Amino acid sequence: MGRPNVSDAFPLLAMFDLQGVQREAAELAARMDGMISSVIERRGGNGRKDFLQVLLDLNRNGGSDGESYVTTNQVKALLMDILVGGTDTTSTMLEWTMAQLVKHPDAMSKVYKELNEIVGQNDIVEESHLPNLTYLEAVIKETFRIHPALPLLVPRCPSRTCELGGYTIPKGTIVYLNAYALHTDPQLWEDPLEFKPDRFLSVEDDTKFDFQGNNFQFLPFGSGRRVCPGQPLAVNTLKYVLATLLHSFDWKLPAGTELELEDKFGIVIKKMNPLVLVPTPRLLNLELY
Ligand code: HEM
């Protein structure tokens, strides 16, 4: 799954399902539905208060207002959204960020310096450190700029004919928005293909390039009403996992190997070859591991 489907670009071909994507998707959806149903059945009412339990309580008892009720199918759809939307994207971005840091030792040293200052080598990374890791955040933004996980975002389809930038877009047209082209447009970015995290630190207004899609120059999570609903979770997870991996270990390529940054075309743009790195502990107190 996750590969491009020719029927998305040529809807007339959809009925033929030339690549078998629709059939495969239906089979996978049925398997995932089975998996999620069994998780829900096994959960019962064991008092754990996590996201699933909140949804199940709403499903079984309704909200405190007696109205905010969710159906079992809605619970399943939400879990499916998190699994499908949140796993490949986050792990892919983690891999790209580590690859860019290994490729750019200057940036890597600055991340280590920041971690030493903010966290310290006698401590482990806590959620409270994350807002102060500003250089790491710039590294993440620069990686998102050069490697947006979903370079064409989610396709749009206007429900009525509209005018946009002097073009008429007929009702029902499938519109793709090329975020990668915006992220690497030489009219918008200086040295667009160079990895330069500092560009995000030198802007005076730090909300100029936030992750929320308010600036059409930078759309790693899309924009508007289809903007990624998992954005805050994704950014915090990425920051926390990266900070912990980098703070705890030095990372080197295995001897005799070279790093390449080739990508593989798909709905989520992944590295062509998986990144392989060798970790060496760097914390002063081994009990922290
Ligand atoms: C680094 C991680 C992630 C990246 C780069 C990413 C990126 C995106 C992008 C670009 C879109 C399309 C937005 C648009 O077209 O305007 C999207 C949609 C979506 N994302 Fe994410 N996402 C990430 C993590 C997550 C997580 C953790 C979740 C769930 C917990 C999630 C759930 C979704 C869903 C459900 C949609 C579809 C929204 C809709 O069509 O209305 N994503 N994501």
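No value in this document is a laboratory result; all are computed from the given coordinates. All values derive from a computational prediction rather than experimental measurement. FYI the Cβ positions are ideal-geometry reconstructions off the backbone, even for glycines, and counts take in every protein chain you see.
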Protection-proxy order for peptides 231-240, 248-257, 144-153, 49-58, each taking the mean of Cβ atoms within 10 Å per residue, highest first: 144-153, 231-240, 49-58, 248-257
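Which of the chymotrypsin sites (Phe, Trp or Tyr not before Pro) found in region 157-208 are in a DSSP loop and have at most 15 neighbouring Cβ atoms, other than their own, within 10 Å?
On the way: sites: 167, 176, 180, 189, 195, 200; in loops: 176, 189, 195.
Here the sparse-neighbourhood loop sites are 176.
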222 nm mean residue ellipticity, helices alone, for the chain (DSSP H n ≥ 4; -39,500 (n - 2.57); rounded to 500): -13500 deg cm²/dmol
Region 118-168 - Kirkwood radius from inverse mean 1/r over Cα pairs (Å): 15.2
Pairwise centroid distance, computed over Cα atoms, of region 80-120 with region 11-42, Å: 32
Sparsely packed GluC sites (Glu not before Pro) within region 148-252, loop by DSSP, other Cβ within 10 Å at most 15: 190, 194, 204
Stokes-Einstein D for the chain, Kirkwood Rh over Cα pairs, 4 °C, 1.567 mPa s (µm²/s): 59
Fluctuation leader among 158, 192, 105 - the chain, Gaussian network, Cα springs under 10 angstrom: 158
22 Å Cα-Cα reach of residue 103 towards lysines, excluding residues that sit fewer than 8 places from it in its own chain: 113, 141, 196, 239, 252, 264, 270, 271
Kyte-Doolittle mean at least -1.0, axial Cα span of 24 Å or more - DSSP H helices of the chain: 21-43, 72-103, 231-248
